[in-house]
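The values are calculated or read from the model by the stated rules, or taken from the named source; none is laboratory data. Remember, predicted model here, so these are calculated numbers, not experimental data. Cβ atoms come from the backbone with ideal geometry, glycine included; neighbour counts cover every protein chain shown. Each accessible area value is taken on the protein alone, full model and side chains, heavy atoms only, with ligands, DNA and RNA left out. Shrake-Rupley method; radii C 1.70, N 1.55, O 1.52, S 1.80 Å.
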Amino acid sequence: MPKTSLTDLSVRKLQPPEAGQVTYWDDTPGLVGFGVRLAPGGAKTFLVLLGSGRRHTIGRYPTISLQKAREKAKELLAERTLGQNRPKSITFQEAYDLFLSTHYQGKKERTKKDGDRILKTHFLPKLRGERLENIGTESLAKIIDRLLPTPSEANHAFAVIRTFLRFCVKRRYLKHSPIEGMSLPSRVVPRERVLEDGELVVVYRAAEEMAYPFGRIVQLCILTGQRRGEVAALRWEYIDKDERTITLPPSLTKNNRQHTFPYGDMTAALLEKLPAFECPFLFPARGNDAAPFSGWSKSKITIDKKCSIADWTLHDLRRTFATNLAGLDVAPHVVERLLNHASGTISGVAAIYNRFSYANEMRDAMARWEEHLTALLARDIRAVA
């Protein structure tokens, strides 16, 4: 293929071929693939190669001047180069579906469920059809700012969307996360609420009056000091009635460690009264025996109406359990073991070798706790009488 240094004069003087078409390629440095095609009839057309032999027609000379044609060729070549480096265009909905199906592989089901809830509730309704590259910092910040009246939810939403956007960057759907460099929107003050004896009795009595399953879940939270999600997801196979122990698998615990703890007479009596369904869960979800109970919000509103106790959460019951054990002279490391805290007074190699120890101390602690709770409930009965 002929090459020449194209100028206005040389383009004007180029003679058409007798047959077929011939293209003269410009050898001007920095503009590879630009040329002019001559037809037998004398038509002169500027064109540019955009890769893999694909020719793009710019326009005919002299309607388009050589200078304008060169400028257009440079623009098209630049767009092609940028396009090669541009992330694949994908909508928020499409990225959400991929994130949900791949990112949570091997992670706890509750983690996936929680992330799904955040994205589906706060982000998907407003961003569903938007291309990721068109979603800016401002639009995401507006969504998070609306959650500032509930600081914990705002921080949680920020953490989930940050993880989602980092996933998109790793998949090359985005070059950069639009919220990278931003910090948590709210400073959440750690709760220190511990229920007083009278408040604890009121909650326990209210739980007794509530229907299965929520009332029994609250009672077990008080009796065992375990997290609400761990109690709600209990399976019959976790319970050893002979040894009177409950073993939570790593997939259920917050720190991914198996946790075995003893239980006492009050817990044993409660477990015996639970309905036995043909499903693995002690507290199956309503209408779905394959999933554990999850109706927290409505149930909490119901028990609040019965209790009339200000500003308390189910997690406060766990803190109350730990505080009372300390008041009953239970050693700190035994309390930590009952709570299944990842860090405590024993750590490192010592924690590994002591993993299955303190069973007697833990059983004694639970006996003290149930004795104390029984006394509180008895005093309440006499007071009412």
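Can you tell me which residues in the stretch 168-177 are touching a Ser or Thr at 6+ places or on another chain (Cβ under 9 Å) and open to solvent by less than 30 Å² (accessible area, probe 1.4 Å)? Residues satisfying the conditions are Cys168, Tyr173. Checked against (1) open to solvent by less than 20 Å² (accessible area, probe 1.4 Å); (2) in a helix (DSSP H, G or I); (3) more than 19 Å from Gly115 (Cα to Cα), Leu165 passes all but a single condition, namely (3).
Quick check on the stretch 98-124: of everything there that is open to solvent by 80 Å² or more (accessible area, probe 1.4 Å) and assigned to a helix (DSSP H, G or I), which residue is farthest from Asp145 (Cα to Cα)? Within the stretch 98-124, the match that is farthest from Asp145 (Cα to Cα) is Glu109. Search the stretch 73-100 for residues being at pLDDT 90 or above and not hydrophobic (A, V, I, L, M, F, W, C), and hand back the single one that is nearest to the chain's Cα centre (by Cα). Applying the filter and picking the extreme gives Tyr96.
Would you check which residues across the stretch 1-48 are closer than 19 Å to Glu75 by Cα and assigned to a loop (DSSP other than H, G, I, E, B) and list them? Those that are closer than 19 Å to Glu75 by Cα and assigned to a loop (DSSP other than H, G, I, E, B): Leu6, Asp27, Thr28, Pro29, Gly30, Leu31, Val32, Gly33.
Of all the numbered requirements in (1) over 27 Å from Thr150 (Cα atoms); (2) assigned to a helix (DSSP H, G or I), Ala211 misses one, and that requirement is (2). Count of the stretch 299-319 residues, restricted to those that are of a type outside the set (Ser, Thr, Tyr) and open to solvent by 80 Å² or more (accessible area, probe 1.4 Å), is 5.
Among the residues of the stretch 125-136, what is the count of those that are open to solvent by 60 Å² or more (accessible area, probe 1.4 Å) and not basic (Lys, Arg)? Adding up the residues that qualify gives 5. Which ones in the stretch 228-246 are closer than 17 Å to Ser294 by Cβ and open to solvent by 40 Å² or more (accessible area, probe 1.4 Å)? Selection gives Arg228, Arg235. Among the residues of the stretch 157-174, those identified as farther than 28 Å from Thr313 by Cβ and within 12 Å of the chain's Cα centre (by Cα) are Leu165, Arg166, Phe167. Considering the stretch 49-60, the residues that are part of a loop (DSSP other than H, G, I, E, B) and open to solvent by 80 Å² or more (accessible area, probe 1.4 Å) include one that is farthest from Ala73 (Cα to Cα), namely Ser52. If we scan the stretch 344-359, do we find a residue that is at pLDDT 50 or above, buried (at least 17 other Cβ atoms within 10 Å of the Cβ), part of a helix (DSSP H, G or I) and on the phi < 0 side of the Ramachandran plot? Checked against the condition, which is being at pLDDT 50 or above, buried (at least 17 other Cβ atoms within 10 Å of the Cβ), part of a helix (DSSP H, G or I) and on the phi < 0 side of the Ramachandran plot, the stretch 344-359 yields no hits at all. When the stretch 260-283 is limited to residues that are in a loop (DSSP other than H, G, I, E, B) and closer than 18 Å to Met362 by Cβ, the one that is nearest to the chain's Cα centre (by Cα) turns out to be Tyr263.
Condition check ((1) within 19 Å of Val203 (Cβ to Cβ); (2) among the hydrophobic types (A, V, I, L, M, F, W, C); (3) open to solvent by less than 40 Å² (accessible area, probe 1.4 Å)) across all residues:
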site	(1), (2), (3)
Leu248	no, yes, yes
His259	no, no, yes
Asp265	no, no, no
Leu274	no, yes, yes
Asn288	no, no, no
Ser297	yes, no, no
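Only residues that are at pLDDT 90 or above and either touching a Phe, Trp or Tyr at 6+ places or on another chain (Cβ under 9 Å) or open to solvent by less than 10 Å² (accessible area, probe 1.4 Å) (or both) were counted across the stretch 26-48, and they come to 12. Taking the conditions exactly as written (β-branched (Val, Ile, Thr), modelled with pLDDT of 90 or more and in a loop (DSSP other than H, G, I, E, B)), does Val335 satisfy them or not? So Val335 does not fit the description; no. Those residues that are out of contact with any Phe, Trp or Tyr (no Cβ under 8 Å at 6 or more places or on another chain) and in contact (Cβ under 8 Å) with a residue 60 or more places away in the chain, I need them from the stretch 262-287; list them, please. Across the stretch 262-287, the qualifying residues are Pro262, Tyr263, Asp265, Met266, Thr267.
One residue alone among Ala141, Ala206, Ala154 is under 28 Å from Leu314 (Cα atoms), under 22 Å from the mean Cα position of the chain (by Cα) and surrounded by 15 or more Cβ atoms within 10 Å (Cβ to Cβ), and that residue is Ala154.
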